[in-house]
Each structure stands twice: as C-alpha cells, then as structure tokens.
Amino acid sequence: KVGELQAGALFGELSVLAHLPRSSTVCAPPAGPVTVLEVQRQALPLLRKLPQFTAVLDKAYRRNSRAVFLQDLGVATRLDAVALSKLATISQFRVYEPGHLLFQAGETIRRLFILKTGWLKLGKSGEEEQGEGVAGAWTKLASEDYLGAGHCLGWEGAASDLAWPQSGTLLTRAAVLEISVVLLR
C-alpha cells in the first residue's frame, strides 16, 4: 500500500490526459463498497465545456504531473526527499501549445525550464537571413538548435542575473517544469 484516496478524490487523469499507461493499481478497501465514476477519454471534450470540471481536472493534472516529474528527476539526479520537497514549492508544471514563446533573447533569465515532452527551437539572436532559396533555408536551419524532452534551459542564470542568449519557441505541444531562479538561489 502506497497511499489512500479520500472520498471524492480524482485519480487517473495523467493516463487520460497525457495518453500514458496507468501507473498504479487502485483497490477498494475490503471493509465495504465503493462507488466510482469512470470518465472515458471520449467524454472529455464534452466535460471540458464545464468550467468547474476543467479547473479541477487541470489542477489535479498539474499537481500530479509535477510530483511524478520531480520523482523522476530525483532518481535521475539523486536528489534527496528534502531537496525534492523544496523544488516542489518553487516550481510549476505547465503545458503549452505549439508556437508558444518560452523565453526571449535579451530578457533576464527568471526561470529554469525542463522539458518533459515536446520540442523547442532555439533561435540565434541577431543573425541575418543567409541568402535565398534552398541553400539559404538550409543555412538558416543549421544556425538553429532543436531540443527535446530532458533538456534543462536557463541553468546559467541560477548563479547570477544573466540574459537569454537566444529565444526559445515551442514547436509542439510541450509539458514543462518551471523553477523560479530567484527562489532557487
């Protein structure tokens, strides 16, 4: 037994919203009956039209996604439970749509961004378009970096106030853990 759910608890949202396999087994206690309302993925578009349902679902999704991501981060980095608990208080888990500008070249680094899912394009600041046609397009692509899940951006700003050298634009829907640099210091 790892935990206990209270009456009215929402669970399974990570599986439904992120299209992930279920990560836990939930059993009813042997002492008595339990009533469960199961919401199928196909019903979500209709239920999302209800603002209160959407708010509760999104809050649970962000909270539980952050907890799972921090747990994975702890395993990967060997951070202890105290450090992970502190990170939980200074971080946010967010999901962004394609085209979202995560950070702008020249702005002060205020957050670390760790990509859980999705792709990000780093554009070199102040570069001119290189030529025209196919050769120019390839030259432009070669001057950009494309980063995926697992990349941490902004670490250099953790020690002192520095500016982003490049802009970061999301190419796909992305799940991102954001950590406040000021609070991290």
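The values are calculated or read from the model by the stated rules, or taken from the named source; none is laboratory data. Keep in mind the model is a prediction, meaning the values are calculated, not measured. Cβ: placed from backbone, ideal geometry, glycine included. Neighbour counts: every protein chain shown. The protein model used for the area step is the full one, side chains on, heavy atoms only, and it has no ligands, DNA or RNA in it. Shrake-Rupley method; radii C 1.70, N 1.55, O 1.52, S 1.80 Å.
Key figures
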item: 12 Å beta-carbon shell around Cys152, net charge (K/R +1, D/E -1); result: 0
item: Max mean-square fluctuation residue, GNM over the chain, Cα-Cα springs under 10 Å, options Ala149, Ala83, Ala158; result: Ala83
item: Largest-first principal axis extents of the Cα set of the stretch 74-120 (Å); result: 35, 24, 16
item: Whole-number percent relative contact order across the chain, with pairs defined as alpha carbons under 8 Å at least 6 apart; result: 27 percent
item: The stretch 12-62: radius of gyration and largest Cα-Cα distance (Dmax), Å; result: 12.9, 37
item: Order of exposure, largest accessible area first, which applies to Arg173, Arg62, Arg78 with probe 1.4 Å; result: Arg78, Arg173, Arg62
item: For the stretch 146-185, radius of gyration divided by Kirkwood radius, i.e. Rg to Rh on alpha-carbons; result: 0.97
item: Estimated [θ] at 222 nm from DSSP helical runs (n ≥ 4, -39500 (n - 2.57)) normalised by residues in the chain, nearest 500; result: -9500 deg cm²/dmol
item: Gyration tensor over alpha-carbon atoms, the chain, equivalent ellipsoid semi-axes in Å; result: 38, 22, 14
item: Accessible area (Å², 1.4 Å probe, nearest 10) - Thr54; result: 30 Å²
item: Most mobile listed residue (Phe53, Phe93, Phe69) in the chain, GNM with C-alpha springs under 10 Å; result: Phe53
item: Kyte-Doolittle mean at least -1.0, axial Cα span of 15 Å or more - DSSP H helices of the chain; result: 51-77
